[in-house]
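Colleague: Pasting a structure below so you can have a look.
All of the numbers you see were taken from the coordinates with simple rules; none came from a lab. These numbers come from a predicted model, not from an experiment. Don't worry about glycine lacking a Cβ; one is built from the backbone with ideal geometry, like all the others, and counts go over all protein chains shown.
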């Protein structure tokens, strides 16, 4: 079995040495992810498998931005980490892989961008996780955080970084690393096995004979509608004073289309927002137009209109500061809330 894993790893690494078009690279990367899944890497090597999937997602994002070089780079990383995940699945040994070194800003504009996204704080958190057995206590979140950290560093090192991509990658790293840190700290405080490496011995109390209980028939409850966040990364952002959908968010909307079309009893509420600039009346209209443009896209791609609700909130419910351009871009958004039928 282990010899087979080595052969598979070699196959992937040899394959990436050949020149290929971006679409071919993404297809190969997807096949690598599938191969890793088929040998059980999702459970046996969760850190490497999660990082592999993160790289593949990044390759697709960069391809949608017409960044051929970046897409190829991350497609290659996908296949490389898939081979590592396959090997780890057979050997039972999963190890940390390197991450990119943070870039050094070359001018004042880039320095301002780095300060706005607090790169040093993210870097410190990633290093803390890597140095304190997060690979055992929160492997999936660590793997994904590292993949998007590499994507963030890659984008920041460009001569002309894409601010929307920087924002997207930064938000992904921040969210995943915080979850990983939270799980790790729980493990540290409670001296869990994943952190200490030692299994706690638990002595169960003596069994007691269960008392006979009279079972009462509970009245059946009517199913109700409940709301929950959409299970995919669905937030999208808009240019100042615009409500047209930016091309980079089309892959996200396509995933929303798939989710709604494949789940019969799921509906969605689309919520539009603006930044703080402008009057309340104008921003209320603009927020609604943003929600309407997203609804129009979903309907045009086959989602029944009666499965979609829209609302515009305008100048309220900010999720970032309005003091800088990145914060205002963050606030200019559309979010999705799933409304589904669920039994009590």
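Colleague: Show me 123-136, 308-321, 40-53 ranked by packing, highest mean number of other Cβ atoms within 10 Å first.
Modeller: The densest-packed peptide leads the list: 40-53, 123-136, 308-321.
Colleague: OK, next. Counting other C-beta atoms within 10 Å, which of 249, 273 has the fewest, and how do the rest follow?
Modeller: The most exposed by this proxy come first: 249, 273.
Colleague: How would you rank 243, 55, going from fewest to most other Cβ atoms within 10 Å of each one's own Cβ?
Modeller: Arranged by neighbour count, lowest to highest, 243, 55 become 243, 55.
Colleague: In what sequence do 253, 286, 62 fall when counting other Cβ within 10 Å, fewest first?
Modeller: 253, 286, 62
Colleague: In nm, to one decimal, how far is the residue 306 label point from the residue 34 one, both placed 7 Å along Cα→Cβ?
Modeller: 3.7 nm
Colleague: Would you mind giving the three semi-axes, in whole Å and largest first, of the ellipsoid equivalent to segment 18-100 according to its Cα gyration tensor?
Modeller: 23, 12, 10
Colleague: Extent of segment 100-201 along each principal axis, from alpha carbon coordinates, in Å, largest to smallest?
Modeller: 56, 18, 18
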